[in-house]
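Only the coordinates and a few stated rules stand behind these numbers; no lab work does. Values in this document were obtained by computation on a predicted structure and should not be read as measured data. Using ideal geometry, Cβ is built from the backbone for each residue, glycine included, and neighbour counts are taken over all protein chains shown.
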Ligand code: CA
């Protein structure tokens, strides 16, 4: 069962969202301000966060940083519908953006889409013809054989499996997997990717993209 953090200072909206999500089978935790949300994020693991932007104390944009560090996908849920806010949210790394007022059906559909896209729904991720990743036990198999990956190599593999055919920038890869700001040290990313793809026989499919980074071709 997927667990969702709802960060919203307006109780009636939080209650509505919570009721809808729980009705659809999700577990929910509600935090009414940014500080409480950051505490919960540090204490528990979540599959998704629904963030209001205008919050008392720490705002939704700051919380997005927390979520990204912990690899929790974010959907902004906010009254700020202006194009520039939307662009800012997506550029900072939010997965989606829903403007209030919204239909609950739309909210549920978007939650489901983001969870699927981020590999949070299914336990098994596959890369045909022969690679299978069990995201609960973190066991990676190539054919019948288990492949021993380091924690970073595993996180890299997951990132590419969740972004098939997408050219990922080195800085984005670094920030997602290492959880730190990228300061231009491209060797770290390259070395780990080279080792990971050799172990899995992906030399021809996980390709370097000139001046960008890497792409997993499927
Ligand atoms: Ca608010």
Fill in the blank from the handout: Computed D for the stretch 3-117, Stokes-Einstein, Kirkwood radius over alpha-carbon pairs, 25 °C, 0.890 mPa s, to the nearest µm² per second, is 179 µm²/s
Exercise for the section: Percent of Cα-Cα pairs per 10 Å bin, from 0 to the last occupied bin, for the chain, please list those. Expected result: 8, 32, 33, 21, 7, 0
Problem - Ratio of Rg to Rh over the stretch 52-143 (Cα coordinates, Kirkwood Rh, two decimals) - result: 1.08
Problem - Gain upon complete extension [residue 180, residue 166; 0.36 nm per residue less C-alpha separation] - result: 2.9 nm
Handout entry: Kirkwood Rh, angstrom, the stretch 124-216 [1 / mean 1/r, Cα pairs]
Key = 13.4 Å
Problem - the stretch 198-218-the stretch 1-33 distance, computed between alpha-carbon centres (Å) - result: 39 Å
Practice task
Report, in degrees rounded to the nearest 10, the 0 to 90 angle that the Cα long axis of helix 186-200 makes with the longest principal axis of the chain.
Solution key: 70 degrees
Handout entry: Residues 98, 124 arranged by fewest to most Cβ contacts within 10 Å
Key = 124, 98
Exercise for the section: Kindly give Rg over Rh for the stretch 154-204, based on alpha-carbon atoms, with the Kirkwood expression for the hydrodynamic radius. Expected result: 0.94
Problem - Label zone at residue 130 (point 7 Å along Cα-to-Cβ), backbone N below 17 Å, the stretch 147-168 - result: 147-149
Practice task
Taking 7 Å along the Cα-to-C-beta vector as the label spot, tell me the residue 142-residue 86 distance in nanometres, rounded to one decimal.
Solution key: 4.4 nm
Fill in the blank from the handout: DSSP beta bridges in the chain: the antiparallel percent, rounded to 5, is 50 percent
Problem - C-alpha center-to-center spacing [the stretch 34-54, the stretch 61-124] in angstrom - result: 13 Å
Handout entry: Segment residue 207-residue 116, length gained on full extension (0.36 nm per residue, minus Cα span)
Key = 30.3 nm
